[in-house]
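In what follows, a structure is listed as structure tokens, so that the remarks can point back to it.
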Amino acid sequence: MSLAANSSQGVNPLYWPVQMRRNIGVRGLFLVILAFIIAYGILFPGLFSVFGFAKFTQSWFPLALVTMAQAILMLAGGISLAIGPLVSLGAVIAATTMTQSLGIAGGTAAVTLAGLVIGAATGLIVVKLRLPSIVVTLAGSFIIAGAALLILPRPGGTMPPWVSNLLAGGTPAAFGLLVLVVLAWKLYLATPLGLSLYAAGENPVGTYRSGASVDTALIAAYAISGLLCTGAGLFVAAQTGSGDPVIGQSFTLNSIAAAVLGGVGFLGGQGTMRGALAGSLLLSLMISVMFFLGFTPVAQYIAQGLIIVGAVALPQIRGMRK
Amino acid sequence: MNEAAGAKPTRSLGSILRSRPFLAFAVVALVWIVAGFTMRGFGAYGHLRYLIELSAVIGLVAAGQTFVVVTGGIDLSVGAIITVSAVGLPLFTWQADPTGLSAIVATLAMASAIGLVNGAGVAFLRVHPMIMTLAMATFLQGLLIIIAGGSAVSVQNELVQWLGNARPAGIPAGILLWLVISAATLWVMHATPFGARLFALGANPIAAQLSGVPVIATTIAVYAVCGFTSGLAGVLLLGMNGQGYVGIGDPYLLTSIAAVVLGGTSILGGSGTYAGTIPGAILLVTITALITVVNASPGWRSILFGALILALLLLSGREAARR
Amino acid sequence: MPLLAARDVSKAFFGNPVLRGVSIVLMPGRIHALLGENGAGKSTLINLLSGALPADGGAIEINGKAIAHMSPGEAQKAGIAVVQQELSLTGSLSIAENIGLGAYPRRFGLIDYPALAAGAKAVCERVGLNEPLSTPVGQLSLGRRQMVEIAKALYREPRVLILDEPTSSLSAAETKTLIGLLGELRRDGVAILYISHRLNEVMAIAEHVTVLKDGVRTADQPLAGTDAAGLVRLMVGRDPGDLFPHWQPATERTAVLTVTGFSAGMVRGVDLTVKAGEVLGIGGLVGQGQEELLLGLYGALPAKAASATVGDARELPRNVPKANAAGIAYIPADRKREGLHLIHSILTNIMLPTFSRVPALKPRSRSSERRTAEQLARRFTIKGDLARPAQALSGGNQQKVALAKWMPQDPAVLLLNDPTRGVDVETKREIYIMLRDLAAAGKAVVLLSSDTPELVHLCDRVVVLREGRISALIERQDLSEEAIVSAAVGVEPQKAAA
């Protein structure tokens, strides 16, 4: 998929075996997802039309992005409680700039910049001052949420209609975008800086002694994570056609749940991005399938709670049997 | 950093001055003195009493949260437990008991049971505390819709109303309740073997297990205690507010964690004390009050609040990376 | 000309001097041994030489030129590679990705996987690693990981190679491979600095020795003409005397722990009796189930037995508190990770097993805790203020704390997992005396050890495990290093019964 792999696919004895090994841990999850997709398809045959596929992937897309954002930080040995506010911030920036002063390009640039800068600043504080990320992002969540409220005190703003149509219309553009994001991530992981994120998250001291730049790898991870969040915000704004300073709220906890469902661990360097994406897909599918099965919101919440615990506990229970 | 965990027979003045609980108290005192002289009405006895009364709710939740955080865990379901307790209490009303005590006991038993389930999930199923309590919060959200159906409930229970409004000897009952819980919490943490086990578990779970600490029982107990104090906070909040509604407990999740951390308890577990959480809770309420006084927009309030927490952490809370 | 040298370097942590004016010179094509007790400053000196820490005073010279400030990355570029005692590996990355970390070959800014594979394959062959290069390191045993760590150092084609106790987790075969490899590197002109507690290993391969004691260099000389006793004298600053205490046969020998058909982890069908008043040794090659045997008996690992008598109980303890109640104590091998609470005070560490057993809400008495802890500190010669955190203690003193904390429980059976690994000679001797004293006081002492002389000189009987089964039970009169080693590798199978 990446350049390095393409250029040497035939002779490369390492890249593909390594990739295959990474699939081992998530095979079971892929099977569960397949079962859910089949169930979904039976309940709602429209899924397999272009329109149905577009709509489903659009409902999945923002969760996929924030789950990636959370998973990157968990791989880096941290966690973020500021995911939701960052999504809101991205949404309000987009809804207040794109149809006004800055235009679409300027608005996109503003959203991108906000995510990168806030992410990098968070990373800088965590890494350089050695504060636990959960605490920094807890304080940060108030600041970022406040900034979103300053930009747009109540729901409002507008998005250019054609952006909304492009991203959230009847074409699977969101899915295409997701594929691009995933490709970019694979490319990043194929760089020395990207791959050393795993090492820096799991064994920072050893990685430093190996001569790799731990601090840079971690701060870059925080910046990328921030970018993914505000990007998700832009998409949410396109979906709703306007901005809302608290629209991102549910994403903080859902991103953690999805990443953990996908097998990403809390100790740093554990898990894979494909797992995290699968986890977010599973969560989206679950919510949709329950909706089509006519679950009341009550039952949905209860089932969601049980499934998350069950999915995490299951390997543990199986391990105890052995 | 670990004065709470170890024995320090000879505490020098310097070590007391450097201790986090003392620093947090000092910051509170400083803010109160400065604000008292510069803002009209801030330093009035009634206003300060009101601030502490508000702090009591955070303080109660944060008591349980401190127990959990000391063992290296975290409880993200405290907000939901508060709401369930506040909204669920009226359901436990029996005609036969005019005092309303039975309803409170039943509510607290339910809250403790929820905590127990959290603890069982963490201890037996080895689900990460963040996930277990997060799932519990989602689960309770569903339960709440069944109980309340989205409407607010008003309180008829006399004892709850007394707890929320009475002032025996001029001191609000909520503050008295907080005092009792604080004394009990400090005693359990620092004067009993159970407390020593908590710190051991948080600092090094493997070594704690191999040293004979009953890991499963201890873990279940701390989450049950956290459920209990959250339930108590829910009851108090119901009494103070006069009514309970879905979402009433939400603001207390992040603030309880913030109070614990501001008080110097390590979020990684193994060191800290509730003696720091107490001023931490008062500080959070004071900051909120000050921000309200300056009459800023909600956005600025939130930014100020977050920035102040961050600044306080940077000032005193640099925590050496431990792995 | 020396490739790497330290001139008069000093380093202090929190005002405590760890190194005082130490010089060392590494010449090409020479294996240089660095000896010293735990806490003598060896690791700190390595960290200065490899750029992991800056020196407070003195200079680090590369090719005769003083380097002002050097990061690990710059040290690497200068051809300095270190095999750390605490591994620098990442479990979730593959062998090859670990080997290349920090020095990945690049192509258009991306990692050049084919080049990495070729380079990693070459170094893996040299150290005898034949696992597929895509294997995640997390799936390897500790010994194999150590070999990856060595391969990682070689991958950098070092001109200076520093090895910090590389053989402590290696099997005999792996050690042999490593020693052969060091010979090759020496011929290629690499300067090698070799740190080890195993004196016979040092005597066999090194040509030059530097000895540190309490942060000061006490010797720097060619190894030729020096004997082991002379080296020990240089390290501890006095005559070593007899390392092992005088052995006396136990008088009272009633069984306190008996299991038949015991299984735990890879341990299968083991019959074992532990008697009061004896030191029972457990030996074998690394990873033959010794640790699982101890943990299973201790209730820390799921275990089964056809029959079991533990104290008064007729079943295996199902968890650690039950094992403690039955009078069993366990002292882990990895004291930092499993034995102690490093950030907590020495006193709390010593009192923890007691806290675990008394009623949970029984009020603590600070004064009686203090008395108990002070008594134990005196008895076990643990130095320093009891209110200090355990991480301030040297490795040897930490090990004493890990042992002392069980004494208030008065356990009938002590399970010790390699208690002298990485401990200096002086403390080793103290621990040996304590173990014999405990046995003389009627305790049953079960000693798992990777140090064969220890088993020979200290134990009343030795059980040798091989592939999870007992391959021999050797009584005192038949004990010898040859007997243990041959049972461990499976030649001349001896009678297997207990």
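The values are calculated or read from the model by the stated rules, or taken from the named source; none is laboratory data. As the structure is a computational prediction, the values presented were derived from the model and not from experiment. Cβ atoms come from the backbone with ideal geometry, glycine included; neighbour counts cover every protein chain shown. Surface areas here come from the heavy atoms of the whole protein model, side chains and all, with no ligands, DNA or RNA. Shrake-Rupley method; radii C 1.70, N 1.55, O 1.52, S 1.80 Å.
For this structure, a couple of remarks:
- For segment A:23-77: rounded, prolate or oblate by the Cα gyration tensor [a/c cutoff 1.5]: oblate
- Rounded to whole Hz, the Karplus (6.51, -1.76, 1.60) HN-Hα couplings of segment B:228-244, x for glycine and proline: 4, 5, 5, x, 4, 4, x, 5, 4, 4, 4, x, 5, 7, x, 8, x
- Take the Cβ atoms of A:ARG154 and C:ASN319, set R0 to 56 Å, and the FRET efficiency comes out at 0.50.
- In the full protein context, segment C:117-175 carries 35 Å² of accessible surface per residue, based on a 1.4 Å probe and ignoring ligands, DNA and RNA.
- Counting only residues at least eight positions apart within a chain, or on another chain, the aspartates and glutamates with an alpha carbon under 13 Å from that of C:LYS383 are C:GLU374.
- Size of the A/B contact, given as accessible area buried on both chains, probe 1.4 Å, in Å²: 3700
- Contact residues in segment A:268-305 (at least 40 Å² less accessible area with all protein chains than alone, 1.4 Å probe): A:VAL298, A:TYR301, A:ILE302.
- Rounded if a/c under 1.5, otherwise prolate or oblate - segment A:112-249, Cα gyration tensor axes: oblate
- Heavy atoms of the protein chains alone define the surface here; on that basis segment B:57-115 has 26 Å² accessible area per residue at 1.4 Å probe size.
- Reach of C:LYS362 by Cα under 25 Å, taken over lysines that are not fewer than 8 positions away in the same chain: B:LYS8, C:LYS322, C:LYS405
- Reduction of at least 10 Å² in accessible surface, 1.4 Å probe, comparing all protein chains with the chain by itself, residues of segment B:213-233: B:VAL213, B:PRO214
- Straight-line cross-link partners of C:LYS65 among the aspartates and glutamates, defined as a Cα under 16 Å from its Cα and at least 8 positions apart when in the same chain: C:ASP8, C:GLU74.
- Length gained when the stretch C:GLU482-C:SER365 is fully extended (0.36 nm per residue, less Cα-Cα span): 36.9 nm
- Taking amide H as placed 1.01 Å from N in the peptide plane, B:THR192 has its amide H under 5 Å from the amide H of C:ARG364, each at least 5 places away in sequence or on another chain.
- Chain-alone versus full-assembly comparison, segment C:102-116, residues with accessible loss of at least 10 Å² (1.4 Å probe): C:GLY102, C:TYR104, C:ARG106, C:ARG107, C:PHE108, C:GLY109, C:LEU110, C:ILE111, C:TYR113, C:PRO114
- Chain B against chain C buries an accessible area of about 2600 Å², both chains summed, 1.4 Å probe radius.
- What the Kirkwood sum gives for segment C:279-327 is a hydrodynamic radius of 11.6 Å, with every pair of different alpha carbons counted.
- Integer Hz, Karplus 6.51/-1.76/1.60 couplings in order for segment B:115-121, x for Gly and Pro: x, 4, 5, 3, x, 5, x
- Heavy atoms of A:VAL179 accessible to a 1.4 Å probe, total area in Å² rounded to 10: 70
- Accessible area of C:CYS124 in the full protein assembly, 1.4 Å probe (Å², nearest 10): 10
- Amide H partners (placed H, <5 Å) of C:LEU35, local residues excluded: C:THR210, C:VAL211, C:LEU212
- Calculated [222 nm] ellipticity per residue, helices only, for chain C: -9500 deg cm²/dmol; basis is -39500 (n - 2.57) per DSSP H run with n ≥ 4, divided by all residues, nearest 500.
- Ranked by the mean number of other Cβ atoms within 10 Å per residue, highest first, peptides C:137-149, C:355-367 order as C:137-149, C:355-367.
- Among B:LEU89, B:LEU232, B:LEU312, residue whose mean-square fluctuation peaks in a GNM of chain B (springs only between Cα atoms under 10 Å): B:LEU312
- At R0 = 45 Å, FRET efficiency that the Cβ-Cβ distance of B:SER297 and A:ALA105 yields, to 0.05: 0.90
- Over segment C:255-489, accessible surface divided per residue gives 36 Å², non-protein components excluded, 1.4 Å probe.
- Between chain A and chain C, the total buried accessible area stands at approximately 2700 Å², from heavy atoms with a 1.4 Å probe.
- Global geometry of chain C, whether rounded, prolate or oblate, following the gyration tensor of its Cα atoms and the 1.5 cut on a/c: prolate
- On chain C, 51 percent of the accessible area sits on carbon and sulfur atoms, based on a 1.4 Å probe.
- Relative intensity of chain A on a log10 scale, I(q)/I(0) at q = 0.10, 0.12 Å⁻¹, equals -0.59, -0.86, per a Debye sum over C-alpha point scatterers of equal strength in the absence of solvent.
- Shape summary: the protein assembly as shown maps onto an equivalent ellipsoid whose semi-axes, from the alpha-carbon gyration tensor, are 52, 38, 30 Å in decreasing order.
- Segment B:42-316 - Rg (one decimal) and Dmax (whole number), Cα, Å: 18.3, 55
- Label-to-label distance for A:LEU306 and A:LEU31 is 2.2 nm, based on points extended 7 Å past Cα in the beta-carbon direction.
- Residues in segment C:369-386 carry Karplus couplings, in order, of 4, 5, 4, 4, 5, 5, 4, 5, 4, 5, 4, 9, 6, 8, 8, x, 5, 5 Hz; the curve used is 6.51 cos²θ - 1.76 cosθ + 1.60 with θ = phi - 60°, and Gly or Pro positions show x.
- Expressed as a whole percent, the accessible area of segment A:61-276 that falls on carbon and sulfur atoms is 71 (1.4 Å probe).
- Here A:TRP16 sits with roughly 70 square angstrom of accessible surface, probe radius 1.4 Å.
- Per-atom-type breakdown for chain B gives carbon and sulfur 69% of the accessible area (1.4 Å probe, protein chains only).
- Residues with amide H under 5 Å from that of A:GLY268, placed H, sequence gap 5 or more: A:GLY77
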